[in-house]
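Below is one structure, written out as structure tokens; the observations come after it.
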Amino acid sequence: RSDILILGGGSAGCILANRLSADPSVKVTLLEAGGWAKDPDIAKPDMWPFIQGREFDWDFETTPQAGTAGRVHRWARGRVLGGSSNLHAMFHVRGHRADFARWAELSGDARWSYDGLLPHFKATETWNIPEDALHSSDGPMPIMLPDETQSHPLVKDYIKGWVALGMPRLRDHCGEELIGTAPNALMIRDGKRVTTADAWLTPDVLARPNLTIVEQAPVRRLILDGTRAVAAEVHHGTELLRYEADEIILSLGAIGSPTTLMRSGIGDPERLAEAGVDCLIARREIGKNLHDHLLAAGNIYRAARDIIPSKLQISESLSYQAENPTQTEGRPDIVVGCVVAPSASEMFDNAPEPGHGFTLLFGVTNPTSRGELTITGPELSDPVTIDPNYLATERDRHLFRVALDRARKIGQSAELAPWIAEEVQPTPGDLTDEAAMDAFIAMAAITHHHPVATCRMGADGAAIVDSNLKMRGLDNLWIVDASIIPEITAGPIHAAVMAIAESFASARLG
Ligand code: FAD
């Protein structure tokens with residue numbers, strides 16, 4: 001029996017295990033379905049696109065998506081201590097001030113504004129650039145901003161090309177403004193990926209007598225006593241064990257947290273009935289509001305020069321931009337990224353060989369399409385139905401077309417001209433009208449791996465957690481992970497997930 005039971009040792013869960021066990025009077029237990037990371041490829045930054053589908057990946061699948069030509073998308077999720085920070089592409093982008101203004105508005109709590117979160121962003125980070133008001137040097141996670149000697153020569157020309165087109169040259173993506181172009185800051189130290197398990201579950205933390213970490217502990221469901229969650233029921237071989245606690249925190253991620261609640265009888269009564277689970281507490285929005293970033297892969301080029309291997313993690317620069325190309329402040333609408341490899345969706349078989357091509361990825365920063373996920377049965381082994389409802393809104397499709405135009409614009413710049421022998425995708429036929437562009441984008445779109453909002457935070461009664469991340473309708477349950485994000489941030493979400501966990505822990509510790 002513990003004081004606090006943390007379910008899920010992923011990006012958020014590892015931070016919580018460290019921070020909450022800093023109080024020696026509190027007995028903390030962390031349960032994780034996977035184990036300690038063993039695969040040596042996890043640490044190699046340029047291997048990140050190739051390690052999905054291995055035994056430490058839950059490897060989910062979406063339903064066929066009408067918005068992406070009926071395609072099924074594989075969704076990687078870490079099943080290992082450190083969670084999805086073992087699989088992710090290591091970009092560290094906080095998001096735009098306006099993103100967090102929305103979080104504060106929706107939650108009714110200024111702690112979720114950019115200024116409210118800034119101390120918590122900083123508390124997680126140690127930058128390799130000098131400390132200033134926005135960058136700190138004493139957090140557990142190393143953030144490496146590459147210098148000129150580390151960036152790929154193609155990426156240096158890509159950045160120069162945007163500057164020539166009038167885009168601001170930002171130092172990094174964690175300044176006051178996000179519109180502009182910069183090399184990606186990365187969660188890398190000494191050439192190796194750093195996961196949240198590496199950064200927060202250090203030997204001194206693991207030696208704490210009040211912290212217990214149980215690996216290979218897949219949670220089947222919560223056991224309720226009225227409106228109290230009294231225990232987690234966990235598979236142990238063929239047995240089911242119960243871990244009891246006074247307080248339980250779900251950090252199972254945007255898929256794991258809502259589906260575990262559903263298996264526990266908490267959710268939309270109709271969905272639970274379809275899955276054969278008795279509804280104990282009706283919470284209709286669990287699993288709803290699902291959304292994700294897409295990137296199109298893409299605007300693909302055959303290179304006129306050899307593309308030497310990346311010294312970093314292949315996808316080296318994201319450029320955030322407004323729909324209006326002359327706007328240089330405020331929240332961006334679209335993103336264009338430079339990958340120093342011929343990255344292509346599975347629909348294209350004419351991409352050049354590695355070393356002979358590259359791709360300009362493009363996407364929409366704050367999509368408005370919303371989907372849903374649900375369980376199909378009471379067991380952890382029953383498949384999850386995941387429908388992100390990609391590209392369902394005309395706004396998302398419109399901004400994707402703008403992003404395609406913008407990618408081709410930099411592709412046609414004087415700075416990239418020496419690198420290009422031929423534009424391989426899209427073909428001229430893909431550009432004849434909006435319908436042709438939409439059809440191309442539907443074939444090219446791949447997940448940017450950022451599902452959120454399935455247990456959204458909000459001030460309204462339908463929201464799943466309140467601004468303290470306490471679950472409405474239960475006395476002693478909190479949710480701390482990507483599922484509580486009410487609306488996605490403009491950029492990749494990992495920096496925000498770490499700040500959410502740090503903010504929650506610091507409020508708990510006072
Ligand atoms: P997770 O880190 O997924 O943690 C959930 C944990 O719960 C896991 O350890 C899981 O095993 C465990 N769990 C789940 N269900 C159970 C159960 N039933 N019982 C016990 N344990 C369970 N973000 C960025 O900012 N930058 C990037 O470059 C980037 N690239 C990405 C690339 C890929 C391939 C992926 C997959 C993600 C990427 N992301 C990126 C997104 C980012 O990694 C995630 O949003 C973030 O890690 C989510 O954190 P979390 O704590 O919510 O969930």
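The values are calculated or read from the model by the stated rules, or taken from the named source; none is laboratory data. Just so you know, these numbers come straight off a predicted model, no measurement behind them. When we count neighbours, we look across all protein chains shown, and the Cβ atoms used for this are built from the backbone with ideal geometry, even at glycine. Just the protein is used for accessible areas: all its heavy atoms, side chains included, with ligands, DNA and RNA removed. Shrake-Rupley method; radii C 1.70, N 1.55, O 1.52, S 1.80 Å.
From the P(r) of segment 183-327, could you give the percentage of C-alpha pairs in the tail past 19 Å?
Numbers: 7530 of 10440 pairs.
When all Cα pairs of segment 183-327 are counted, 72 percent exceed 19 Å.
For segment 3-75, the set of chymotrypsin sites (Phe, Trp or Tyr not before Pro) satisfying both a DSSP loop assignment and a count of at most 16 other C-beta atoms within 10 Å is given as W36. Probe radius 1.4 Å, ligands and nucleic acids ignored: give me the carbon and sulfur share of the accessible area of segment 267-373 as a rounded percent. Exposed carbon and sulfur together represent 47 percent of the surface. Once the Cα atoms are used to define both axes, helix 253-263 deviates from the longest principal axis of the chain by about 40 degrees. When its C-alpha radius of gyration is set against 2.2 N^0.38 Å (N residues), the chain gives a value of 0.94.
Only sites in a loop by DSSP and with at most 13 other Cβ atoms within 10 Å count here; which GluC sites (Glu not before Pro) in segment 7-89 make the cut?
On the way: sites: E32, E55, E61; in loops: E32, E55.
Answer in residue order: E55.
Once backbone amide H atoms are built at 1.01 Å from N, N476 has A229 as its partners under 5 Å, excluding neighbours fewer than 5 places away on the same chain.
Taking amide H atoms as placed 1.01 Å from N in the peptide plane, the amide H of D57 lies under 5 Å from those of R79, each 5 or more residues away in sequence or on another chain.
Straight-line reach from K38: which lysines have a Cα under 26 Å away, not including same-chain ones fewer than 8 places off? Output for K38: K192, K311. Stokes-Einstein diffusion for segment 162-234 at 4 °C, viscosity 1.567 mPa s, with a Kirkwood radius from C-alpha pairs, works out to 74 µm²/s. Taking 7 Å steps out from each Cα toward its Cβ at S381 and D23 produces label points 4.0 nm apart.
Charging the Cβ of each Asp and Glu at -1 and of each Lys and Arg at +1, and nothing else, the dipole of the chain about its Cα centre rounds to 380 debye.
Based on the Cα gyration tensor of segment 245-388, what are the three equivalent ellipsoid semi-axes, each the root of five times an eigenvalue, rounded to whole Å and given largest first? Mind showing how you got there, number by number?
Values: eigenvalues 333, 74, 41 Å².
Square roots of five times the eigenvalues give 41, 19, 14 Å.
P(r) tail for segment 371-427, what percent of Cα pairs lie past 20 Å? In whole percent, the long-distance tail amounts to 55.
Solvent-accessible surface of protein heavy atoms, probed at 1.4 angstrom with all chains present, puts T365, T238, T227 in the order T238, T227, T365, largest first. What FRET efficiency comes out for A207 versus E233 if R0 is 22 angstrom and r is the Cβ-Cβ distance? Round to the nearest 0.05. The computed FRET efficiency comes out at 0.15. Global size of segment 384-510: 20.6, 63 Å for Rg and Dmax (C-alpha atoms, Rg to one decimal, Dmax whole).
For segment 114-177, take N as its residue count and report Rg(C-alpha) divided by 2.2 N^0.38 Å. Show your work: numbers first, answer last.
Working: Rg = 13.9 Å, N = 64, 2.2 N^0.38 = 10.7 Å.
Compared with the compact-globule rule of thumb, segment 114-177 sits at 1.30.
Computed over the Cα atoms of segment 1-54, the ratio of the radius of gyration to the Kirkwood radius (Rg/Rh) comes to 1.12.
Once all protein chains are placed together, K409 keeps about 100 Å² accessible to a 1.4 angstrom probe.
Think of the chain as a dipole: +1 on every Lys or Arg Cβ, -1 on every Asp or Glu Cβ, centred on the Cα centre; then among G95, W36, N389, W36 lies furthest on the positive end. Once the Kirkwood radius over Cα pairs is known for segment 303-406, the Stokes-Einstein relation at 25 °C and 0.890 mPa s delivers a diffusion coefficient of 149 µm²/s. The charge dipole of segment 27-147, taken about the Cα centre with unit charges on the Cβ atoms of Lys, Arg (+1) and Asp, Glu (-1), comes to about 360 debye, rounded to the nearest 20. Converting the Cα gyration tensor eigenvalues of segment 1-131 into ellipsoid dimensions via √(5λ) gives semi-axes, longest first, of 27, 24, 18 Å.
The phi torsions of segment 114-129, fed into the Karplus equation with coefficients 6.51, -1.76 and 1.60 and a -60° offset, translate into couplings of 4, 5, x, 8, 3, x, 7, 4, 5, 5, 8, 10, 10, 7, 8, 10 Hz, rounded to whole numbers, with Gly and Pro shown as x. Converting phi to 3J(HN,Hα) with the Karplus coefficients 6.51, -1.76 and 1.60 and the offset θ = phi - 60°, segment 154-160 yields 4, 5, 5, 6, 4, 5, 4 Hz in sequence order, with x at every glycine or proline. Over segment 106-249, the Kirkwood radius and the radius of gyration, each from Cα atoms, give a ratio Rg/Rh of 1.12.
Here the gap between R284 and E61, fully extended at 0.36 nm per residue and compared with their Cα-Cα distance, gives a gain of 78.0 nm. Axis of helix 97-107 versus longest Cα principal axis of the chain: the two differ by about 30°, to the nearest ten degrees. With respect to the chain, whose longest principal axis is taken over its alpha-carbon atoms, helix 494-509 is tilted by about 30°. Computing FRET efficiency as 1/(1 + (r/R0)^6) for R305 and T432, where r is the C-beta to C-beta distance and R0 is 41 Å, gives about 0.85. Once the chain from E329 to D132 is taken as fully extended at 0.36 nm per residue, the excess over their C-alpha distance is 68.8 nm.
Can you give the Rg to Rh ratio for segment 61-142, taking only C-alpha atoms and Rh from Kirkwood?
Over the Cα atoms of segment 61-142, Rg/Rh equals 1.10.
Under the rule of at least 5 residues apart or a separate chain, name every residue whose amide H is placed under 5 Å from the amide H of Q65. Those lying under 5 Å, H to H, from Q65 are G70, R71, V72.
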